[in-house]
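Q: Shown below is the structure under consideration.
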Amino acid sequence: MGNVLGKKRPAGIASRLLTGILAASCLGLTAGCTDEELGRGGEREVKEQKQDAPQSAAYRYHPDPDYYTELYRPQYHLSPPTGNLSDPNGMVYFEGEYHQFYQNSGQWGHAVSRDLLHWEHLPVALARDPLGEIWSGSAVVDWEDTSGFFGGKPGLVAVFTHFKGGTQSQSIAYSADRGRTWTKYKGNPVIPNPGLKDFRDPKVIWHEPSNSWVMVVSADQKIQFYTSKNLKEWKLASEFGTGQGSHAAVWECPDLFELPVEGTGEKKWVLHVSIGSNAATKGSTAQYFIGSFDGTLFRNENPPQQVLWTDYGRDFYAAVSYSDIPAENGRRIWTGWMSNWRYPFGMPTAPWKGNLSIPRELRLREIPGSGLRLVQLPVKELEQLRGKPVHAAGRELGPGLHPLEGMKGSSYELQAEFTVSAGARFGLKVRKGISQETLISYDADAGKLTVDRARSGVSAFEADFAETMEAPLTLKDGKLKLRLFVDESTLEVFGGDGEAVVSAILFPDALSSGLELFVSQGHVTLEEARFYPMRTVWRDEDPDSRVPRRIVLSSGSLDLPARGSARLRAEVTPAGAPQKLRWESSDSSVAAVQADGETEALLSGGKPGEAEIKAVTPDGRVSATVSVFVYEEKK
């Protein structure tokens, strides 16, 4: 190792990093593997692969037509098949694969993708061991084998927090087979706990000017910076945080990266930290700092008391960026956990809890009147999921006018631009049903974008879930741009050109799929709107098909009093399929059913008992069933 450390990267390795030999995955822990055995694995040939190389095999959609169709299951966001998902971990790109690790109840879950859209679930990558649970961390490609783990070839190194008995320390593991198996370093922990209660979530980067690895790690309400030449021996270099930004709660999940400033030849460093749950910010949130970094010391270039919030919604936490995306790609991409430590796993979903946001590209932009700010843009890959657009344009908003008529759904993208008069107040209603809606509104005088989920759906699992979120957003030449991503139980609103983002989770009924515009004050013109139904990434389905695929019912079961009545509603998916059904009862003496329109039915209770009501397409190929329990009311 002595002939590697302290020298510049060999030209061959440096060029591979630039042209896109990338690093990626982490998977099943190789229990009982020794360092020497994995070293032999490192002798295998590591094939070069550019980012735009063709896939070795086409993505395989799941063969089960009902896979990932549970109520609230996101269709183009990553969620685990079962169990909990929280912090994104170990995000790295290697040999054509994006690796997405995530917190899975004290271990690292794992999925890989070639396009940031279609994910293959893999076994747990890092499991608990005698040193404790595996908490959050990062992963890097050790291109020069500075660690000595890989026989002179590139490999993956994961850096994570061990937690045991209230003590947090930093450890490493390594993989010579594209992250499919891992070996914990026998010298763990590489950084023992220095006497801190909160000491976790290491993010490691390679700092080329100093020819060193740099680790940023949360230390209570500060960030500590460590340096290393080999990923195994670390030295404390500096601290940042005292008197800087918000200290409403513990700092967590730091990230450090350099970005160019749009329209200039300048670059700046961004230090990002999440903030734990607290009353002042109504739960967990995140902030960032912009400044300089020389390999050991970060300097904030804004006033120390100024707080720059990352996302103005309640549900974007622990965001960290992918390591080792090639320079030719030119993007810094991250994703966050769509939940909040107020209600981390309380949501009414099963058999999973939690999902990640869409991947977002990060940029630095000078915002007039505000200064240099971090902006977030949905990655361009998402455009591959779009179905045929529904278009509307040139319509002034007003009572009785419905320019978005015909646009509805539970999984879509909407782009809209408005001309807004002074004093105007207007907005959109998404996931609108009989008694449900989520409001996205704009107040021109206040310069404020608001998301109100007070009537969004199920909210009883947390006392304050039915709440309002606000983001500052200024009109540009009297115009407002909005870009919405709705996906079953998720909502991500990008205001302007990414300078204001509001992320929230929602739990509306399956049939709350309406979309409306409204104006409550002033004059507003819809210049243009484009609605794109989005393709699911889990099953091979065409969102534009007119062939019925499944029937969604307003209820999965009903309790009905004898001689009572109830209404049952349904929708046929995809939305373009004929919306016509017939209804059948397994026992009309218990529950009789009569069609009332093309997709609704009236139920009548007869004698006590159980019956099944079936909705069927006219050709009989697609059906859905609801169980009805008829009971005699007590007098």
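Q: Which of the residues spanning region 216-262 are among the β-branched types (Val, Ile, Thr) and in a strand (DSSP E or B)?
A: Val216, Val217, Ile223, Thr227, Val261
Q: What's the number of the only condition in (1) surrounded by 17 or more Cβ atoms within 10 Å (Cβ to Cβ); (2) within 24 Å of Val501 (Cβ to Cβ); (3) at pLDDT 95 or above; (4) not charged (D, E, K, R) that Gln415 fails to meet?
A: (1)
Q: Now for a different question. So which residues in region 91-101 are within 19 Å of Asn329 (Cβ to Cβ) and either part of a strand (DSSP E or B) or at pLDDT below 95 (or both)?
A: The answer is Met91, Val92, Tyr93, Phe94, Glu97, Tyr98, His99, Gln100.
Q: Looking at region 313-343, which of the residues that are closer than 15 Å to Gly276 by Cα and basic (Lys, Arg) is surrounded by the most Cβ atoms within 10 Å (Cβ to Cβ)?
A: Let us first name the residues in region 313-343 that are closer than 15 Å to Gly276 by Cα, namely 313-319, 336-343.
Still in the running and basic (Lys, Arg): 314, 342.
Values: Arg314: 26, Arg342: 17.
Filtering region 313-343 for residues that are closer than 15 Å to Gly276 by Cα and basic (Lys, Arg), the one surrounded by the most Cβ atoms within 10 Å (Cβ to Cβ) comes out as Arg314.
Conditions tested, residue by residue: (1) more than 25 Å from Asp129 (Cα to Cα); (2) assigned by TED's automatic domain parsing to the domain that holds Phe149; (3) in contact (Cβ under 8 Å) with a residue 40 or more places away in the chain; (4) surrounded by fewer than 22 Cβ atoms within 10 Å (Cβ to Cβ).
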{"site": "Asn188", "(1), (2), (3), (4)": "no, yes, yes, yes"}
{"site": "Leu196", "(1), (2), (3), (4)": "no, yes, no, yes"}
{"site": "Pro202", "(1), (2), (3), (4)": "no, yes, yes, no"}
{"site": "Ser210", "(1), (2), (3), (4)": "yes, yes, yes, yes"}
{"site": "Ser218", "(1), (2), (3), (4)": "no, yes, yes, no"}
{"site": "Glu233", "(1), (2), (3), (4)": "no, yes, yes, yes"}
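Q: Condition first: of a type outside the set (A, V, I, L, M, F, W, C) and over 24 Å from Pro472 (Cβ atoms). Now tell me which residues in region 500-527 satisfy that.
A: Correct list: Pro508, Asp509, Ser512, Ser513, Gly514, Glu516.
Q: Same structure again: May I ask you to list the residues in region 620-631 that are surrounded by fewer than 17 Cβ atoms within 10 Å (Cβ to Cβ) and either of a type in the set (Ser, Thr, Tyr) or in contact (Cβ under 8 Å) with a residue 24 or more places away in the chain (or both)?
A: Here is the first cut: in region 620-631, the residues surrounded by fewer than 17 Cβ atoms within 10 Å (Cβ to Cβ) are 620-621, 623, 625, 627, 629, 631.
Result: Arg621, Ser623, Thr625, Ser627, Phe629, Tyr631.
Q: Moving on to the next point. Could you check Leu506 against (1) farther than 30 Å from Glu396 by Cα; (2) crowded, with 17+ Cβ neighbours inside 10 Å and say which number it fails?
A: Of everything listed in (1) farther than 30 Å from Glu396 by Cα; (2) crowded, with 17+ Cβ neighbours inside 10 Å, Leu506 misses just condition (1).
Q: As an exercise: evaluate Lys267 against (1) touching a Pro at 6+ places or on another chain (Cβ under 6 Å); (2) among the basic types (Lys, Arg); (3) touching a residue at least 12 places away in the same chain (Cβ under 8 Å) and give the number of the one condition it does not meet.
A: (3)
Q: In the list Leu404, Leu362, Leu377, which residue meets the criterion of being in a strand (DSSP E or B), surrounded by 13 or more Cβ atoms within 10 Å (Cβ to Cβ) and either free of Cβ contacts under 8 Å to residues at least 40 places away in the same chain or in contact with a Leu (Cβ under 7 Å, 6 or more places away or on another chain) (or both)?
A: Values: Leu404 fails: in a strand (DSSP E or B); Leu377 fails: either free of Cβ contacts under 8 Å to residues at least 40 places away in the same chain or in contact with a Leu (Cβ under 7 Å, 6 or more places away or on another chain) (or both).
Criteria check complete, one pass: Leu362.
Q: List the number of the failed condition for Gly576; all other conditions in (1) in a loop (DSSP other than H, G, I, E, B); (2) of a type outside the set (A, V, I, L, M, F, W, C); (3) surrounded by fewer than 15 Cβ atoms within 10 Å (Cβ to Cβ) hold.
A: Among (1) in a loop (DSSP other than H, G, I, E, B); (2) of a type outside the set (A, V, I, L, M, F, W, C); (3) surrounded by fewer than 15 Cβ atoms within 10 Å (Cβ to Cβ), the lone unmet condition for Gly576 is (3).
Q: Is at least one residue of region 306-322 under 25 Å from the mean Cα position of the chain (by Cα), of a type in the set (Gly, Ala, Ser) and closer than 22 Å to Ser212 by Cβ?
A: Yes; the residues of region 306-322 include at least one that is under 25 Å from the mean Cα position of the chain (by Cα), of a type in the set (Gly, Ala, Ser) and closer than 22 Å to Ser212 by Cβ.
Q: Name the strands (runs of 3 or more DSSP E) wholly inside region 493-563 in which the number of residues that are β-branched (Val, Ile, Thr) and either in contact (Cβ under 8 Å) with a residue 40 or more places away in the chain or in contact with a helix residue (DSSP H, G or I) (Cβ under 6 Å, 6 or more places away or on another chain) (or both) is 2 or more.
A: 500-505, 524-533, 550-553
Q: If the Cβ limit is 6 Å and pairs must be 6+ apart or interchain, which residue in region 446-466 that is in the same structural domain as Glu492 (by TED's automatic domain parsing) and under 20 Å from Gly346 (Cβ atoms) pairs with which residue that is among the small types (Gly, Ala, Ser) and crowded, with 18+ Cβ neighbours inside 10 Å?
A: Between residues of region 446-466 that are in the same structural domain as Glu492 (by TED's automatic domain parsing) and under 20 Å from Gly346 (Cβ atoms) and residues that are among the small types (Gly, Ala, Ser) and crowded, with 18+ Cβ neighbours inside 10 Å, the close pairs are Val451/Ala504; Arg453/Ala504; Phe465/Ser459; Ala466/Ser459.
Q: Do we find a residue being among the aromatic types (Phe, Trp, Tyr) and farther than 23 Å from Asp255 by Cβ anywhere in region 149-166?
A: First pass over region 149-166, keeping only residues among the aromatic types (Phe, Trp, Tyr): 149-150, 160, 163.
Keeping just the survivors that are farther than 23 Å from Asp255 by Cβ gives 149-150.
Yes: region 149-166 contains one or more residues that are among the aromatic types (Phe, Trp, Tyr) and farther than 23 Å from Asp255 by Cβ.
Q: Related question: Select, from Thr296, Thr310, Thr264, Thr285, the only residue that is of a type in the set (Ser, Thr, Tyr) and either buried (at least 24 other Cβ atoms within 10 Å of the Cβ) or in contact with a Lys or Arg (Cβ under 8 Å, 6 or more places away or on another chain) (or both).
A: Thr285
Q: When Ala327 is evaluated against the numbered criteria (1) over 18 Å from Cys253 (Cα atoms); (2) touching a residue at least 60 places away in the same chain (Cβ under 8 Å); (3) assigned to a strand (DSSP E or B), which criterion, by number, is the only one it fails?
A: (3)
Q: With (1) within 19 Å of the chain's Cα centre (by Cα); (2) closer than 25 Å to Tyr59 by Cβ as the list, and Arg550 as the residue in question, which single condition is left unmet?
A: Unmet condition: (1).
Q: So, Gly597, is that one free of Cβ contacts under 8 Å to residues at least 12 places away in the same chain, farther than 30 Å from Lys479 by Cα and surrounded by fewer than 20 Cβ atoms within 10 Å (Cβ to Cβ) or not?
A: For Gly597, the condition - free of Cβ contacts under 8 Å to residues at least 12 places away in the same chain, farther than 30 Å from Lys479 by Cα and surrounded by fewer than 20 Cβ atoms within 10 Å (Cβ to Cβ) - is met.
Q: Which number in (1) in contact (Cβ under 8 Å) with a residue 24 or more places away in the chain; (2) surrounded by fewer than 19 Cβ atoms within 10 Å (Cβ to Cβ); (3) under 27 Å from Phe94 (Cα atoms) marks the one condition that Gly346 misses?
A: It is condition (3) that Gly346 fails.
Q: Consider Tyr76 carefully, then state whether it is aromatic (Phe, Trp, Tyr), under 22 Å from Asp487 (Cβ atoms) and outside any strand (DSSP E or B).
A: Yes; evaluated as a whole, the condition is true for this residue.
The values are calculated or read from the model by the stated rules, or taken from the named source; none is laboratory data. The model shown is predicted, which means the values in this text are computed figures rather than measured ones. Neighbour counts run over all protein chains shown; Cβ positions are idealised from the backbone, glycine included.
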